[in-house]
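Worksheet: one structure, shown below.
The values are calculated or read from the model by the stated rules, or taken from the named source; none is laboratory data. What you see is a predicted model, and the numbers here were worked out from it, not measured in a lab. To get the accessible areas, we keep the full protein, side chains included, count just its heavy atoms, and leave off ligands, DNA and RNA. Shrake-Rupley method; radii C 1.70, N 1.55, O 1.52, S 1.80 Å.
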Amino acid sequence: MPGPALQWSITIFIVGVLWRLLGIVLLRTKKDLSEPRNPARGRPATDALRSWPRREFLGGTAFGEVMGYAFHIGFLLTLFFYAPHVLFFADVSRGLIGTDLQGLTGFAWPMLPNGIVTLLAAISIAALVAVLVHRIVIRSSG
């Protein structure tokens, strides 16, 4: 059974998400009068193309882009596929909905080996330290 701090944080998180979703649903939006530039291109392709900077800006932003992707991918894989985290999420789901995720969905949540998770966590931390050092160097020289 999770402690009271975890129960409060989960409750606040759920209430906050529901509040934001309600605000989005009730938000009145103006009609979009602009025509799409390339209607043949699908939304996922557009999102993928826009998640990396244009070639003319890449020289100044490549370091930040690579470090950002390295941190976020490593962090998310560590968060969702490290064995203790998977077991924690299974316990939380068992407490919230009364069953584990395997019983609900029919398949088990995969876990990465400890060595791979350690490597991913080290890469994520190294990316954060590299960005911190880079910002300190840039700020002090500029």
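One table, with the values for the structure above:
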| read-out | value |
| --- | --- |
| Linear extension gain, residue 50 paired with residue 99, 0.36 nm per residue minus alpha-carbon span | 13.7 nm |
| The chain - mean residue ellipticity at 222 nm from DSSP helices (-39,500 (n - 2.57) per run, n ≥ 4, rounded to 500) | -25000 deg cm²/dmol |
| Whole-number accessible area per residue in Å² for segment 59-142, which is evaluated in the context of all protein chains at 1.4 Å | 69 Å² |
| Kyte-Doolittle at least -1.0, axis length at least 24 Å by Cα - qualifying DSSP helices, the chain | 4-26, 55-81, 114-141 |
| Hydrodynamic radius of the chain per Kirkwood, over alpha carbon pairs, in Å | 19.8 Å |
| Segment 59-102, Rg to Rh (Cα coordinates; Rh as Kirkwood inverse mean 1/r) | 1.30 |
| Relative contact order of the chain, pairs being alpha-carbon contacts under 8 Å that are 6 or more residues apart, as % | 25 percent |
